[in-house]
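Presented below is the structure to which this report refers.
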Amino acid sequence: MIVTPQKARFTEPLKLKSGAVLPEFEIAYETYGELNAARSNAVLVCHALNASHHVAGSYADDPDNVGWWDNMVGPGKPLDTDRFFVIGNNYIGSCFGSTGPTSVNPATGRPWGADFPVVTVEDWVAAQARLADRLGIERFAAVMGGSLGAMQALQWSLSYPQRVRNSIVIAATPKLSAQNIAFNEVARQAIVTDPDFHGGHYYDKAVVPVRGLRIARMIGHITYLSDDAMMEKFGRNLRRSALGFDFGADFEVESYLRHQGDKFSTYFDANTYLRITKALDYYDPAADFGGDLSKAFARAQADFLVVSFTSDWRFSSARSREIVRALLDNRRIVSYLDIDAPQGHDAFLLDDARYFAALRAYFGNIAL
Amino acid sequence: MTELETIARWVAPGARVLDLGCGDGRLLQHLWKTRQAPGYGVEIDDAKVTACLKNDVNVLQMDLEDGLAAFADRSFDTAILSETLQAIHRQEPLLREMLRVSREAIVSFPNFGYWRARIQIALAGHMPVSKELPYQWYDTPNVHHCTLIDFEALCAKLGFRVLERVVLTGGKPVSLLPNLLGSLAAYRVSA
């Protein structure tokens, strides 16, 4: 499947949850399949921390650049683009095409950098709603995402209850735990204390806080994998013929994390990383309801599919069950899968016959 | 009369139903079609969960042994435990939970006091194997068998009221010597 990334420009200012106003913005997106005449088959796919609008397929001029959820989305796949019109979008604040810290601030003519506002899940959903308007989609057949993407799928059902028929919420949490926030804070501290960060205004200085980004990615990556998955993949295997008795990479896992960190620091923007982790930290739809998630979901009208993975310790199954409980309290139509997969949080991106069969069955029952 | 029909007759039109150990969701599908009773199934087996989704039945993949914490007090009209009681490790807490989350409970199970089972133990000297209990003793999901008398004693201990009882053999109601002649029992109980 050959796809072409597109951009939609919005010139009406977007008021953000923080009170700041984004005077104008662009959303990068891709579409797969055809919108039917009734406009009833659109599915919005929301991405997690380091992904983009490139959900599926590949580019004509870059055939190796395959979308991050290509195993899930495409012709004949569980989210079947022969039947559904699927939209991948990149959230604002990202560094992959939508307006973000690397974009030009119209007020100064220079990159936003540190001045780009802190954006939230609610802001992303509000921006996505503008994209839906632009594409002529009044109501989505489904909004779907994993991890941070799942928060967007949840928020859609709260911000625009009438515009979502199904909310598919995978590897989610209704709010970050203290431990989750703690990991994010270590990542942020790694970035902001990097001497090349310059308070977020490093674009002018022609440097990148590579060391900070590297460590941020390393610590993040640890939370995406289960203990068992790491042990299975690396064990205590050595990179060298024997222990070095120095501080080089003795073990495979060290070398792997260094490699992941190095790779990440070449393509990801530090200002974006700070903002995304804040968006995660701030998300808490129950906060306005005295912490009562059931009250928060009282306005939801969608049907829900909630999926967790038993080895996910970042957003554990128990967190998904909190969402299920809140939905049951509101008598929403909901199904819940707790898939006994070993890989940890990352399982939501990986092939698993049970996971895929379940999603295929669920999508199969969405009437168009 | 089948077990399915027995249970369906006990579910009021439009009642909210929770089916514990719902398998492929056939009962819930039947209750929706015949009684317009919406519900949720709880099932742990991956293939059965997927079958429920295919059958367009709301299914929650959870372990009944962990209790019913996902459900609020009195959030259902009827909680059903159909031929699953014998596969549960801790029956007492689950039965209590059923009548916490629901006004009424329907419980059905294969009767271990059925004469064919008794004969297999008493005369042949081996654990019963039958249409209702098709497993060998070393390869069975069933861990706690009981008879009608046993179950009614447990209901009494838990303070449950038995509202109705139907005993079946080969799809036919049994009224004479049910604990001996019935292969399957279904109870409707309340707290």
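Every number in this text was worked out from the coordinates using simple rules, so none of it is lab data. Keep in mind the model is a prediction, meaning the values are calculated, not measured. Heads up, the Cβs are rebuilt from the backbone with ideal geometry, glycines too, and the neighbour counts pull from every protein chain shown.
Bridgeable lysines around residue B:54 (alpha carbons under 28 Å apart, same-chain partners fewer than 8 residues away excluded): A:77, B:33, B:131.
Projected label points at residue B:96 and residue A:210, each 7 Å from Cα along the beta carbon direction, are separated by 6.3 nanometres. Reported value for the range A:108-253: 185 Å³ per residue, from the convex hull of its C-alpha atoms. The helix-based estimate of mean residue ellipticity at 222 nm for chain A, built from -39,500 (n - 2.57) per DSSP H run of four or more residues and divided by its residue count, is -10500 deg cm²/dmol to the nearest 500.
Normalise the Debye intensity by I(0) for the range B:39-82, one equal point scatterer per Cα, no solvent, then take log10 at q = 0.13, 0.14, 0.26 Å⁻¹ and round to two decimals. The Cα Debye sum returns log10 ratios of -0.29, -0.34, -1.05.
Could you list the square roots of 5 times each eigenvalue of the Cα gyration tensor of the range A:14-159, that is, the equivalent ellipsoid semi-axes, sorted largest first and rounded to whole Å?
Values: eigenvalues 139, 63, 35 Å².
Values for the range A:14-159, descending: 26, 18, 13 Å.
Summed over all non-identical Cα pairs, the Kirkwood treatment of the range B:47-191 gives a radius of 16.4 Å.
Based on alpha-carbon atoms only, what is the radius of gyration of the range B:1-114 relative to the globular estimate 2.2 N^0.38 Å? Spell out each step's value before the answer.
Details: Rg = 13.1 Å, N = 114, 2.2 N^0.38 = 13.3 Å.
Expressed relative to 2.2 N^0.38 Å, the Cα Rg reads 0.98.
Taking amide hydrogens as placed 1.01 Å from N in the peptide plane, the amide H of residue B:191 sits under 5 Å from those of B:161, each at least 5 positions away in sequence or on another chain. Computed from the C-beta positions of residue A:65 and residue B:72, the FRET efficiency with R₀ = 56 Å rounds to 0.70. Considering only B:176, B:31, B:148, the mean-square fluctuation computed in a Gaussian network model of chain B, springs between alpha carbons under 10 angstrom, is largest for B:176.
If you count, for every residue in B:63-69, the Cβ atoms of partner chains within 10 Å of its Cβ, what is the mean?
Working: counts 1, 0, 0, 1, 0, 0, 3.
Taking all residues of B:63-69 together, the mean is 1.
The mean number of partner chain beta-carbon atoms within 10 angstrom of a residue's beta-carbon across peptide A:94-107 is 0. Between B:181, B:123, B:81, the GNM of chain B built on Cα springs shorter than 10 angstrom shows B:123 fluctuating the most.
Of the residues A:139, A:214, A:236, the one that moves most in a GNM of chain A with alpha-carbon contacts below 10 Å is A:236.
Kirkwood's formula applied to the C-alpha pairs of the range A:295-368 gives a hydrodynamic radius of 13.2 angstrom.
Normalising the average separation of contacting C-alpha pairs (under 8 angstrom, six or more residues apart) by the number of residues puts the relative contact order of the range A:81-208 at 17 percent.
If the reach is capped at under 15 angstrom between alpha carbons, list the aspartates and glutamates near residue B:172, excluding any in the same chain fewer than eight residues apart. The reachable aspartates and glutamates, counting only those whose Cα sits under 15 Å from residue B:172, are B:3, B:5, B:132. What is the range A:245-352's relative contact order, in percent, from Cα pairs under 8 angstrom and six or more apart in sequence? Computed value for the range A:245-352: 23 percent relative contact order. Bridging of residue A:278 to aspartates and glutamates at a Cα separation below 12 Å is possible for A:185, once same-chain residues fewer than 8 apart are set aside.
Computed about the Cα centre, the dipole magnitude for chain A is approximately 700 debye when only Lys and Arg (+1) and Asp and Glu (-1) carry charge, each at its Cβ. Residues in the range B:6-19 carry Karplus couplings, in order, of 4, 5, 4, 5, 8, 9, 5, x, x, 5, 8, 10, 10, 10 Hz; the curve used is 6.51 cos²θ - 1.76 cosθ + 1.60 with θ = phi - 60°, and Gly or Pro positions show x. Extent of the range A:213-272 along its three principal axes (Cα atoms, max minus min coordinate, largest first): 39, 26, 14 Å. Which listed residue (B:81, B:8, B:175) has the Cα farthest towards the positive end of the charge dipole for chain B, taking +1 on Lys and Arg C-beta and -1 on Asp and Glu C-beta about the Cα centre? It is B:175. Spin-label pair residue B:129-residue B:164: with each label point 7 Å from Cα along the Cα-Cβ axis, the two points sit 3.7 nm from one another.
Please state the relative contact order of chain A as a whole percent: Cα pairs under 8 Å, 6+ residues apart? With pairs under 8 Å counted, the relative contact order is 17 percent.
To the nearest 20 debye, what is the magnitude of the charge dipole of the range A:225-368 about its Cα centre, counting +1 on the Cβ of each Lys and Arg and -1 on the Cβ of each Asp and Glu?
380 debye
Shielding by partners for A:331-337, please: the mean number of other protein chain Cβ atoms within 10 Å of each residue's Cβ. Present the calculation step by step, with values, prior to reporting the outcome.
On the way: counts 4, 1, 4, 4, 11, 9, 7.
That average works out to 6.
Taking the charge dipole of the range A:28-173 about its Cα centre, with +1 at Lys and Arg Cβ atoms and -1 at Asp and Glu Cβ atoms, the residue from A:47, A:74, A:128 reaching farthest to the positive side is A:128.
One quarter of the surface of the convex hull around the alpha-carbon atoms of the protein assembly as shown equals 31.6 nm², the direction-averaged projected area.
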